[in-house]
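Worksheet: the structure to be examined is printed underneath.
The values are calculated or read from the model by the stated rules, or taken from the named source; none is laboratory data. Please read all numbers here as calculations on a predicted model, not as lab measurements. Neighbour counts run over all protein chains shown; Cβ positions are idealised from the backbone, glycine included. The area values use the complete protein model at the heavy-atom level, side chains included, leaving out ligands, DNA and RNA. Shrake-Rupley method; radii C 1.70, N 1.55, O 1.52, S 1.80 Å.
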Amino acid sequence: MRFISVEDIEQGQYLGRTVYSSNGTVLLSSGVQLTVYMINTLKRIGVTMLYIKDTDFEDIQMDEVLSESTKGQVFREMNELHEAVRSGKEWSTKKVFGGVDALLNDVLNHKDVLLQLTDIRTADNAQYLHAVNVCLISSMIGLNMGLGFSQLKDLAVGALLHDMGKSIPLPEGADEDDMKNHHTWRGFEVLKHKREFNLLIAHTALQHHERMDGSGVPRGLMGEEIHLYPKIVAVANRYDNLIGGGSEGTGRALLPHEACESLMASSEHELDHEVLVEFTRIVSVYPNGTGVRLSTKENGVVVQQHRGLPGRPVIRIIRGSGDDLDVKEIDLAVETTVFIEAVLA
């Protein structure tokens, strides 16, 4: 498979990854042959990058932390929860715990896999995919930082529900500039009344926009005044917003290596340095299937990752066509004088 811009997709190519709706149902299945109508639909619903099948790279393994069943379960539960919150109805904490248990089980079974957040994001599923991604990133960082299972569970629930306040409508005439009306406060007010939840879950939603230098919201906390859980969620939230083109982005979705550089530039003054160090150990900077240009001026595709060296993957370079193919692979963990010069998106 190759990871390419939707603008470069051609009629007749085969989809490499399934596209989901907001409620976890399948919009387009992996393996479907793309038509002009399908390609135009993908563009219309906001897809910018996607995987396509490629015979030259059909052996590329996409190591996934989350199973398709877990993703579908959490998507459905998040959809039900937010619909209930929007309409002022009661919602089940038991279902939230069930989804988090499934997610943490996958994380613990795949703790050595580098995260490659390449699920296809659409305007319809963006809110729920963001929640799942933030939960997944946060859980893996927490695991790396030595949190026990009960701590991981509270962190994961807080991460999954960190933006709940966005689904709570403001009263008519409310002052949007009043920090008490900020989505972090609105989420906190709902979550703190759920007796089944540790109060730290509510504080994770409340504090995830605080910054280490005190420049954050809603209370301007700084440094050690901010709990570890929201420090972790702040990193996960910022990263996923950047690669998704969200509110903390630049108006376009950044590529993973660009987003990582942006995060590291925020170390200490906005984001916690220790959390960022653990983040760099669990995420793939150049996901499998990404086209790259090397410092040797050769173009290739990322085909394999190295745990602990996310910026030094294995690159496959193919020249020629048909029976006259010249294929070689360069392991950047071994070829230390060769570097990735650019990503070919």
Per the filter on the range 278-305, residues over 19 Å from ILE4 (Cα atoms), without any contact (Cβ under 8 Å) to a residue 60 or more places away in the chain and in contact with a Pro (Cβ under 8 Å, 6 or more places away or on another chain) are THR280
So is SER267 touching a helix residue (DSSP H, G or I) at 6+ places or on another chain (Cβ under 7 Å), among the hydroxyl-bearing types (Ser, Thr, Tyr) and without any contact (Cβ under 8 Å) to a residue 24 or more places away in the chain or not?
yes
Hey, LYS166 of a type outside the set (Val, Ile, Thr), in contact (Cβ under 8 Å) with a residue 40 or more places away in the chain and more than 14 Å from ILE282 (Cβ to Cβ) or not = no
Restricted to the range 1-55 and to residues being under 20 Å from the mean Cα position of the chain (by Cα) and aromatic (Phe, Trp, Tyr), the residue farthest from ASP323 (Cα to Cα) is TYR20
Within the range 197-228, residues being open to solvent by 10 Å² or more (accessible area, probe 1.4 Å), within 18 Å of LEU147 (Cβ to Cβ) and under 20 Å from the mean Cα position of the chain (by Cα) number 2
Among helices (runs of 4 or more DSSP H) entirely inside the range 1-111, those with 3 or more residues being among the acidic types (Asp, Glu) and open to solvent by 40 Å² or more (accessible area, probe 1.4 Å) are 68-86
(message) Just checking, does the range 318-329 include any residue being within 15 Å of ARG293 (Cα to Cα), free of Cβ contacts under 8 Å to residues at least 40 places away in the same chain and touching a Pro at 6+ places or on another chain (Cβ under 7 Å)?
(response) no
Does at least one position in the range 48-58 carry a residue that is out of contact with any helix residue (DSSP H, G or I) (no Cβ under 6 Å at 6 or more places or on another chain), β-branched (Val, Ile, Thr) and at pLDDT 90 or above?
-> yes
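Yes/no per residue for (1) at positive phi; (2) open to solvent by 70 Å² or more (accessible area, probe 1.4 Å):
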residue: GLN305; (1), (2): no, no
residue: GLY308; (1), (2): yes, no
residue: ILE318; (1), (2): no, no
residue: THR337; (1), (2): no, yes
residue: ALA342; (1), (2): no, no
For the range 255-303, the count of residues that are open to solvent by 20 Å² or more (accessible area, probe 1.4 Å) and of a type in the set (A, V, I, L, M) equals 5
Within the range 75-106, the count of residues that are in contact with an Asp or Glu (Cβ under 8 Å, 6 or more places away or on another chain) and of a type in the set (Val, Ile, Thr) comes to 2
When every residue in the range 136-189 that is touching a Cys at 6+ places or on another chain (Cβ under 6 Å) and among the small types (Gly, Ala, Ser) is compared, the one nearest to SER67 (Cα to Cα) is ALA156
Of the residues in the range 87-112, those that are under 17 Å from the mean Cα position of the chain (by Cα) and free of Cβ contacts under 8 Å to residues at least 60 places away in the same chain come to LEU103, LEU104, ASP106, VAL107, HIS110, LYS111
Taking the range 125-159 and keeping residues in contact (Cβ under 8 Å) with a residue 60 or more places away in the chain and within 17 Å of ARG86 (Cβ to Cβ) leaves ASN125, ALA126, GLN127, TYR128, HIS130
Of the residues in the range 123-154 that are within 13 Å of the chain's Cα centre (by Cα) and of a type in the set (S, T, N, Q), the one that is surrounded by the most Cβ atoms within 10 Å (Cβ to Cβ) is SER138
